[in-house]
Amino acid sequence: MELNASVSAIVTGGASGLGEATVRALVAQGVKVAIFDMNVAKGTALEAELGVTFCEVNVTSEDSVNAGFAKARAANGQERILVNCAGTGNAIKTASRDKTTGEPKHFPLDAFNMIIQINLVGTFRCIAKSAAGMLTLDPLTDGERGVIINTASVAAEDGQIGQAAYSASKGGVVGMTLPIARDLMGDGIRVNTILPGIFNTPLMNAAPPQVKDALAASVPFPKRLGLPEEYAQLAMTMITCGYFNGEDVRLDGAIRMAPR
């Protein structure tokens, strides 16, 4: 897909981290971008800086997502690009003993479901609604109508202790990539997923320096955290390379996560 001012995009989780880097990369190519995010302060700041359209969206809410698509399309037209970066995680063992009482306890199911709703169902909700909109577009010269990029995690393949919910949600994103690409192949919509490793995002910046240093040292090569711009670089390749379809790609410096 050729990127220019005639193309519009939506980036979920676009107010910070991997999403923000992707927004900046798209804007640099002249693409009209809308951000779906719950962080109003960061979203409106990017709107003022880059001229993007900020939409306060909770991907777990049908009404919120519908309103976001309506606002984005009113401002920029029907999107040809969707990049799903909205997500979160938690760390709770499936079953353990209370440190104070010694009594057995288990992963609260509402906490498990919350991660599934945000990372997996929220991603699919945005995919389905965006793809339905893309069906209304005229195909480009190569028959392409749009492209969708999802964000999973290396935890989809080697999740660590306490990551049952997170790994399940990200594994679901990986598992649905090919079936969705096949669902949409007849209408010229490509679908790919990136599995990031340990990246230098705002969440990671909150960790103590010694923790960040240890994580960086665990990466085979290069021995550092991934840069959000590197995620954006791969996303842009997936968007612009027309033969890139139905793929799940690790972006991790060859790391394979240990149990903890």
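Bear in mind these aren't lab numbers, they're just calculated from the coordinates by the rules spelled out. As the structure is a computational prediction, the values presented were derived from the model and not from experiment. Glycine also receives a Cβ, built like all others from the backbone with ideal geometry; neighbour counts cover every protein chain displayed.
Key figures for this structure:
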| read-out | value |
| --- | --- |
| Shape category assigned to the range 149-260 from the gyration tensor of Cα positions, a/c cut at 1.5 | prolate |
| Furthest towards positive pole of dipole, Thr22, Ala9, Gly51, structure part the range 1-123, Cβ charges | Thr22 |
| Where labels lie 7 Å past Cα in the beta-carbon direction, separation of Asp138 and Ile116 in nm | 4.4 nm |
| Those chymotrypsin sites (Phe, Trp or Tyr not before Pro) in the range 220-260 that DSSP places in a loop and that have at most 12 other beta carbons within 10 Å | Tyr243 |
| The chain, helix-only ellipticity at 222 nm - DSSP H runs n ≥ 4, -39,500 (n - 2.57), divided by all residues, nearest 500 | -12500 deg cm²/dmol |
| Mean Cα-pair separation over length for the range 8-251, i.e. relative contact order, pairs under 8 Å, 6 or more apart, % | 20 percent |
| Trypsin sites (Lys or Arg not before Pro) restricted to the range 96-166 and DSSP loop, no more than 13 other C-beta within 10 Å | Lys99 |
| The chain: most fluctuating residue of Val147, Val173, Val27 per GNM, C-alpha cutoff 10 Å | Val27 |
| Which of Ser16, Ser153 has the fewest Cβ neighbours within 10 Å, and the rest in rising order | Ser16, Ser153 |
| Per-selection metrics, the range 1-72 (Cα): Rg and Dmax in Å | 11.4, 32 |
| Candidates Ala41, Ala232, Ala25, ranked by Gaussian network fluctuation over the chain, Cα under 10 Å, top entry | Ala41 |
| Cα gyration tensor, the range 1-151 - rounded (a/c under 1.5), prolate or oblate | prolate |
| Listed residues Asn150, Asn113, Asn200, most fluctuating in the chain (Gaussian network, C-alpha, under 10 Å) | Asn113 |
